[in-house]
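Written below as structure tokens is the structure these notes are about.
Just so it is clear, none of the values below were taken in a lab; they were calculated from the coordinates. No experiment lies behind these values; they were computed from the predicted model shown.
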Amino acid sequence: MTQQYTRDELVARMVRAGELEISGENPGEAESYFDTSGFRFHGPDGFESDYAGLAGYFASVRAAFDDRSIRRGIVVAEGDHLACQTWIEGTFVREFTQSPVGPLPPNGRRIVFDLINIFRFDEQGRLAEEWVRTDNRGLLRQLGADPAAE
């Protein structure tokens, strides 16, 4: 595939898409960064989703966490793929309906989602596929769930 976007342009598109998903502002702009009809998400423990499922997940994050932020760390690029470190943070103040173990009540704590993402872009520079790895046990501990019970 011939990529028409530079590495820096793809990084900027990935960063902006994440900012929009976390903030919830301008859903139309957020959608423009994704192949909404063909997008595939591959998460921990065999979790698979499409764009609508990913958007629903981020809606649940926005509903449960105040003072949200996202930041990216090391980014590695190869062709139409980017891999990066991602940290999503927020204060857990309302029920989190899409935790790894289902709905959880808030605990008022500052939570950090520590992720490794790999993104694949299509020829139009849209996010077409994403793979995510995270420490669900550590996340559940922060959320106040007992991962040993799972």
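What the table below lists for this structure:
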item: The chain - mean residue ellipticity at 222 nm from DSSP helices (-39,500 (n - 2.57) per run, n ≥ 4, rounded to 500); result: -9000 deg cm²/dmol
item: Degrees separating the helix 7-23 axis from the principal Cα axis of the chain, which is the longest one; result: 30 degrees
item: Relative contact order (%) - criterion: Cα under 8 Å, at least six apart; region: the range 7-145; result: 23 percent
item: Rounded if a/c under 1.5, otherwise prolate or oblate - the range 1-72, Cα gyration tensor axes; result: oblate
item: Rg/Rh for the range 7-145, where both radii come from Cα atoms and Rh is the Kirkwood radius; result: 0.95
